[in-house]
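K.L.:
Quick one: the structure is below, questions incoming.
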Ligand SMILES: Cc1ncc(COP(=O)(O)O)c(C=O)c1O
């Protein structure tokens, strides 16, 4: 057969698209017997399997001609209206997307040119870095910790640069688990408003708080003072099912119109059947469902922290999450999380090394542990194996 040199045939953008480290690692972690703290996969025991089976059959029987037909790009009307009421906006301010991941790609498509500055936290969600990178922007980063981005560093950067947007995850950040306090949210908004900048607020973990209530989003705070520059993203992935790929963007109607036009070229619309199913699933017992999800993740986080407190050697630092799915760990300086990964895989436990979460490089001694997927026994055993791997690495160092 004739061969082709594909790399000479691909466009310039293709060179910027790289394999996602998480996905490559996930392949290794799927080996039987491996306890994986790697992927941010929601707890499968929380999936509404029976309700979904029943509702999907009802939808297909009673509204099959809608469910199986093309639908509007903006989203299935009743779901769009439901989301609008839930978030407290008008339906024309909502776009249903095929996962939040699609919204990130659409934002790249609409806002970024080659070389455009875009500001991210370091570390930040790898999927966002990957989505934006395809458009060839220039990444500006500010360090982020348990209380979100370093606002002094942000202020200094905004004196020099005018990013096309700031991409932030203020609540239960992926990967750091950080939570921006209310005061910091207000101060950040003041800075952004003073310069008329756009913020993309990714609130994928909005409902996964362990305390009494959630903090107001940047979007809500901006609306209170009449600022239209916050684009809000959230998703049904962490509260119903990631496999359905139903999420939403909320923004000023002008931004929604442009994102909708961009979505047309991407996939015409999000699968109608999935949207109808989500709409049905949120009609009954949704608040109770959210409480159960919060309680489940709160308990899993507690189990992991207790195990880490018992097992981890001195010099290892880790966060105590107040919500979300992740513990973020820092190994003593000079130790490499990738080297630990190799030791860990030999012990049949996996995590994600932190390096790829830093758009500007660094973070070699950091790693992310997800407590979302495993049950309590798996979490305890996995931490025990991880500690063993770490002690081996320390002995080699
Ligand atoms: C911060 C963040 N944004 C977006 C996504 C993608 O979510 P979706 O399943 O809605 O595409 C994830 C998934 O892990 C995430 O952690």
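Read the figures in this text as sums done on the coordinates, not as results from a lab. Just so you know, these numbers come straight off a predicted model, no measurement behind them. Here Cβ is always computed from backbone atoms with ideal geometry, including for glycine, and neighbour counts include all displayed protein chains.
K.L.:
Using helices alone, I'd like the mean residue ellipticity at 222 nm for the chain: each DSSP H run of four-plus residues gives -39500 (n - 2.57), total over residue count, nearest 500.
P.N.:
Numbers: 15 runs with 182 residues, N = 397.
The per-residue figure over the chain is -14500 deg cm²/dmol.
K.L.:
Sorted by average packing, counted as other Cβ atoms within 10 angstrom per residue and highest first, what order do 374-382, 174-182, 188-196 take?
P.N.:
On the way: 374-382: 17.4, 174-182: 22.3, 188-196: 14.9.
Most protected by this proxy first, the peptides run 174-182, 374-382, 188-196.
K.L.:
Applying a 10 Å radius around every beta-carbon, put 165-173, 321-329, 69-77 in order of their mean neighbour count, most first.
P.N.:
Result, highest mean first: 165-173, 321-329, 69-77.
K.L.:
Right, something else. How many angstrom separate the Cα center of region 287-356 from the Cα center of region 159-224?
P.N.:
24
K.L.:
Related question: Show me the ranking of peptides 223-229, 206-212, 98-104 by mean Cβ neighbours inside 10 Å, starting with the highest.
P.N.:
98-104, 206-212, 223-229
K.L.:
Further question on the same structure: Given region 69-281, what percent of its DSSP beta bridges are antiparallel, to the nearest 5? Mind showing how you got there, number by number?
P.N.:
Details: 11 of 26 bridges.
Bridges in region 69-281 that DSSP calls antiparallel: roughly 40 percent.
K.L.:
Arranged by the count of other C-beta atoms within 10 angstrom, fewest first, what order do 68, 197 take?
P.N.:
Ranking 68, 197 by Cβ neighbours within 10 Å, fewest first, gives 68, 197.
K.L.:
Mind giving me the FRET efficiency for residue 212 and residue 8? R0 is 51 Å, r the Cβ-Cβ distance, nearest 0.05 is fine.
P.N.:
About 0.30, to the nearest 0.05.
K.L.:
Same structure, new question: When only Cα pairs under 8 Å and 6 or more residues apart are kept, what is the percent relative contact order across region 69-281?
P.N.:
28 percent.
K.L.:
Apply 1/(1 + (r/R0)^6) to the Cβ-Cβ distance of residue 264 and residue 16, taking R0 = 25 Å, and write down the FRET efficiency to the nearest 0.05.
P.N.:
Values: r = 24 Å, r/R0 = 0.94.
So, using R0 = 25 Å, E works out to roughly 0.60.
K.L.:
Rounded to the nearest 5, what % of DSSP beta bridges with both residues in the chain are antiparallel?
P.N.:
Close to 55 percent.
K.L.:
Which of the three applies to region 1-151, rounded, prolate or oblate, going by the alpha-carbon gyration tensor with a ≥ b ≥ c and a/c under 1.5 meaning rounded? Could the numbers behind the result be given before it?
P.N.:
On the way: a/c = 1.43, a/b = 1.34, b/c = 1.07.
Taking the square roots of the gyration eigenvalues as a ≥ b ≥ c, region 1-151 is rounded.
K.L.:
Can you figure out the FRET efficiency of residue 92 with residue 27, using R₀ = 30 Å and their beta-carbon distance, to the nearest 0.05?
P.N.:
The value I calculate is 0.10.
K.L.:
Also, quick follow-up: Based on the Cα coordinates of region 205-263, what is the per residue volume of their convex hull in Å³?
P.N.:
Cα convex hull per residue, to the nearest whole number: 83 Å³.
K.L.:
Please say if region 168-280 is rounded, prolate or oblate, where rounded means a/c under 1.5 for a ≥ b ≥ c the square roots of the C-alpha gyration tensor eigenvalues, and otherwise the choice is prolate for a/b larger than b/c and oblate otherwise? Could you put the intermediate results ahead of the total?
P.N.:
On the way: a/c = 2.37, a/b = 1.28, b/c = 1.85.
Oblate is the answer for region 168-280, as a/c is 1.5 or above yet b/c matches or exceeds a/b.
K.L.:
Which order results if 203, 150, 113 are arranged by neighbouring Cβ count within 10 Å, fewest first?
P.N.:
Neighbour counts put them in this order, fewest first: 113, 150, 203.
K.L.:
Please label the shape of the chain as rounded, prolate or oblate, based on the square roots a ≥ b ≥ c of the eigenvalues of the alpha-carbon gyration tensor (a/c under 1.5 means rounded; beyond that, a/b larger than b/c means prolate, else oblate). Let's see the in-between values first.
P.N.:
Working: a/c = 1.39, a/b = 1.22, b/c = 1.14.
Rounded.
K.L.:
Separation between the residue 147 and residue 306 pseudo-spin-labels, each 7 Å from Cα along Cα→Cβ, expressed in nm?
P.N.:
3.0
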